[in-house]
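The values are calculated or read from the model by the stated rules, or taken from the named source; none is laboratory data. What you see is a predicted model, and the numbers here were worked out from it, not measured in a lab. For neighbour counting, all protein chains shown are included, and Cβ atoms are generated from backbone atoms with ideal geometry for every residue, glycine included.
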Amino acid sequence: MFETMRLTRNQAGLEPTMFEYLVIDLETTGLEPGRGHRVCEVAAIRMRADGTVLEEMSTLVNPQRRISAEAAGTHGISDAMVASAPAFGDIAGTLLRMMSGAVIVSHHLPFEEKFLLAEFKLLGLPDVSLTGLCTLSTFRSQTDMIGYQLSGIVKSLTDAWPRSEHQALADARNTGRVLATLISGAPARLTLTPARVTDRLPQRPEAARYSPRMQVVRSGPFAWVDNLGHFLPHTPPTAARPLAWEAYSDR
């Protein structure tokens, strides 16, 4: 499913700043889609190499099966939380659009790959071809750290532990941050090889609704409403539609 790209010191590669990236994180009902396990939360962030966020989406997903006790103990998602969430097929169109023309990024790409492959196959899309970059492999090859779990990398780069783990949006944001930090702060110039981005993908209807995970808003560097806003998905502002407003105001 994925053609793997690598960030290396090969000076014949292409500048990472030439590309846009789609950072994805999945939470699932278990570890093996071959045993019927499915996605129960997805977050996707379209960003530039400097960390500029272009679009975010995050939602719980109804996996249409029970969540294993082991998985629920890890990510905290219960069957009740996903009961009224959209199915993967309901949000796949938005995800495919966000992926098109981007390098797909995950902190453990083989995990996301096997679940995306299984979910797209259930939708009749078994031949989706994507270009991927694994930040776990990248940090292992380009840095010398004690450990390479995402939380440990965040701590090494920022001197602060992430506020949450195994929550799709938070993990995707942290993955995007460490990728942008590595690209901008590497002591030697890093390039992308081989240089190809995800082709234009099949089109499906855009998601009609999302079901973001409820967040406990704790004290932090933001104040009240600002602190709440920090946990919400970011989407770019849309242009005003004067004609639509006039039609509404005439009612």
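Considering the conditions (1) in contact with a strand residue (DSSP E or B) (Cβ under 9 Å, 6 or more places away or on another chain); (2) crowded, with 17+ Cβ neighbours inside 10 Å; (3) over 21 Å from ARG204 (Cβ atoms); (4) free of Cβ contacts under 8 Å to residues at least 60 places away in the same chain, ALA83 is excluded by exactly one of them, (2).
Can we say GLY93 is on the phi > 0 side of the Ramachandran plot and at pLDDT 95 or above? When the stated conditions are applied, GLY93 does not pass them.
Exactly one residue among MET81, MET18 is farther than 20 Å from SER137 by Cα and modelled with pLDDT under 95, and that residue is MET18. Taking every residue in region 102-120 that is among the β-branched types (Val, Ile, Thr) and pairing it with any residue that is part of a loop (DSSP other than H, G, I, E, B), at least 6 positions away or on another chain, the pairs with Cβ-Cβ distances below 8 Å are VAL103/MET5; VAL103/PHE19; VAL103/VAL197; VAL103/THR198; ILE104/THR198.
Number of residues in region 143-165 that are closer than 19 Å to PRO110 by Cβ and crowded, with 17+ Cβ neighbours inside 10 Å equals 3.
Of all residues in region 215-229, at least one satisfies being assigned to a loop (DSSP other than H, G, I, E, B) and modelled with pLDDT of 55 or more. Residue count for region 38-80, restricted to those that are in a loop (DSSP other than H, G, I, E, B), in contact with a Gly (Cβ under 9 Å, 6 or more places away or on another chain) and surrounded by fewer than 20 Cβ atoms within 10 Å (Cβ to Cβ): 3. Annotation for region 200-212: no member residue is within 22 Å of PHE111 (Cα to Cα), touching a Pro at 6+ places or on another chain (Cβ under 6 Å) and either exposed (fewer than 13 other Cβ atoms within 10 Å of the Cβ) or at pLDDT below 90 (or both).
Within region 166-191, the set of residues being surrounded by 15 or more Cβ atoms within 10 Å (Cβ to Cβ) and more than 20 Å from VAL53 (Cβ to Cβ) comprises HIS166, LEU190, THR191. Among residues of region 134-160 that are within 17 Å of ASP171 (Cβ to Cβ), those with a Cβ under 6 angstrom from a residue that is hydroxyl-bearing (Ser, Thr, Tyr), sequence gap 6+ or separate chain, pair up as THR135/THR175; LEU136/TYR148; PHE139/TYR148; LEU157/THR181.
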